[in-house]
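The values are calculated or read from the model by the stated rules, or taken from the named source; none is laboratory data. Note that the structure is a prediction, hence the values are computed from the model and not measured. Because the Cβ atoms are built from the backbone with ideal geometry, glycine has one as well, and the counts that use them run over all protein chains shown.
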């Protein structure tokens with residue numbers, strides 16, 4: 001009887017060991033995830049409670065502590081700049097209208113013309129409310145939080161951009177004209193230039209007079225609070241049939257694809273809106289790093305935590321305030337990170353002149369890693385569709401731009417000299433006090449890194 005009992009215990013221990021070994025693999029097994037979640041929940045709670053102490057155990061101040069502190073201050077300053085950039089610049093809010101700030105979390109994978117947003121104050125908002133950025137009209141709110149939702153779920157909303165195929169608003173040509181022709185705007189119209197597009201124009205009242213800036217002028221009560229906000233500038237192309245020029249569409253005034261981090265939702269209310277809390281979009285967890293790995297020019301490393309700790313594919317990984325890379329796979333007990341130096345890795349960024357506190361950040365959009373150059377510097381391909389208007393090769397700081405699932409704004413990529421003129425360009429990026437080597441796997445990283453946990457945007 002005793003041998004039978006021992007045999008059963010042995011088999012049970014072997015089965016548990018097999019589960020742990022499988023859980024430690026970098027392949028995600030959904031059924032195993034649920035089993036391990038039940039078995040290891042008590043241990044996970046204990047580790048979470050002990051996490052802050054473990055993260056600081058044996059830690060020492062790095063030699064560049066002053067520089068690191070400065071980077072943290074700059075990140076907070078950047079958040080304030082982005083908040084100011086979302087506010088009307090030349091326009092003023094009408095009386096009885098309030099602006100609710102919203103942070104862009106992600107784009108739903110099956111709806112590229114939609115934005116998932118975190119609303120600072122959803123009270124009083126309705127489906128169809130106008131959404132703007134600065135002086136530019138963007139679209140309308142199509143999803144509001146459920147009245148029963150709590151926590152961050154009680155602040156989640158969704159925006160339909162004017163680029164959507166079904167979006168339509170009324171506008172008129174602005175400027176000092178005796179007659180302001182009316183037109184309908186919505187959707188996308190391809191342009192004669194390759195890889196370029198316009199906001200589509202429908203039924204212009206007088207195409208010959210449709211020139212210059214077009215402003216929103218819509219009778220919808222929810223949209224009319226944004227009447228006077230800009231829709232775009234009329235773009236002209238040669239008319240192959242009638243000769244002369246025809247209205248090809250409206251030149252967009254913002255980067256709809258990668259340039260929206262914070263937006264405003266307008267609604268009629270005399271009650272002031274609650275300010276957006278910068279940390280509301282997610283939280284950071286401290287995770288221990290495994291050994292650095294490299295396969296030719298492709299580079300990454302494992303993390304000694306996985307989906308049971310909240311890690312998800314796409315999550316940003318940072319060393320302090322510095323962007324390191326993104327999680328590409330998350331098993332229950334560990335995860336794999338792809339470093340930003342890995343060729344093909346991409347991220348949305350903006351540029352800031354350090355010390356110029358009044359200048360608006362310049363949105364570069366998506367840049368794609370080309371790996372390290374011969375001197376160990378990060379190289380990125382930048383399409384440069386919106387040309388840099390500052391000085392040639394002016395030194396700027398590059399920071400991540402919110403709006404992509406798992407990647408918050410305000411993570412530092414490094415310093416770069418921006419070339420002026422139309423792209424494409426190659427940017428060389430350096431990190432103060434950091435010397436990278438080729439292959440990048442030999443670059444030093446601390447034993448613990450931060451991983452961004454954003455449940456709503458990753459589910």
Top-ranked residue in the stretch 353-379 [being crowded, with 21+ Cβ neighbours inside 10 Å and within 18 Å of the chain's Cα centre (by Cα); ranked as farthest from residue 83 (Cα to Cα)]: 369
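Among the residues of the stretch 132-158, count how many are touching a residue at least 12 places away in the same chain (Cβ under 8 Å) and touching a helix residue (DSSP H, G or I) at 6+ places or on another chain (Cβ under 8 Å). Quick ask: steps written out before the conclusion?
Start the filter on the stretch 132-158 by keeping residues that are touching a residue at least 12 places away in the same chain (Cβ under 8 Å), which leaves 132-145, 152-158.
Checking the rest, the ones that are also touching a helix residue (DSSP H, G or I) at 6+ places or on another chain (Cβ under 8 Å) come to 132-134, 137, 145, 152-153, 155-156.
Qualifying residue count, the stretch 132-158: 9.
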Scan of the stretch 100-119 for residues that are more than 16 Å from the chain's Cα centre (by Cα) and surrounded by 21 or more Cβ atoms within 10 Å (Cβ to Cβ), ordered by number: 100
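Within the stretch 140-164, which residues are over 18 Å from the mean Cα position of the chain (by Cα) and closer than 18 Å to residue 223 by Cα?
Here is the first cut: in the stretch 140-164, the residues over 18 Å from the mean Cα position of the chain (by Cα) are 140-151, 153-154, 162-164.
Hits for the stretch 140-164 are 140, 141, 142, 143, 144, 162, 163, 164.
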Can you name the number of the only condition in (1) modelled with pLDDT of 90 or more; (2) surrounded by fewer than 21 Cβ atoms within 10 Å (Cβ to Cβ) that residue 130 fails? (2)
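Each row is one residue, and each column tells you yes or no for (1) under 30 Å from residue 329 (Cβ atoms); (2) at pLDDT 90 or above.
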| position | (1), (2) |
| --- | --- |
| 246 | no, no |
| 275 | no, no |
| 279 | yes, no |
| 288 | yes, yes |
| 301 | yes, no |
| 305 | yes, yes |
| 311 | yes, yes |
Suppose we filter 78, 95 for residues that are at pLDDT 80 or above and out of contact with any strand residue (DSSP E or B) (no Cβ under 7 Å at 6 or more places or on another chain); which single one remains? 95
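Where in the stretch 328-416 are there strands (runs of 3 or more DSSP E), lying fully within it, with 2 or more residues that are within 16 Å of residue 430 (Cβ to Cβ)?
Numbers: elements: 335-339, 346-352, 362-372, 378-382, 394-400.
Answer list for the stretch 328-416: 346-352, 362-372, 378-382, 394-400.
A quick yes/no check of all residues on (1) more than 24 Å from residue 365 (Cβ to Cβ); (2) surrounded by 16 or more Cβ atoms within 10 Å (Cβ to Cβ); (3) at pLDDT below 60:
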residue: 409; (1), (2), (3): no, yes, no
residue: 439; (1), (2), (3): yes, yes, yes
residue: 450; (1), (2), (3): yes, yes, no
residue: 458; (1), (2), (3): no, yes, yes
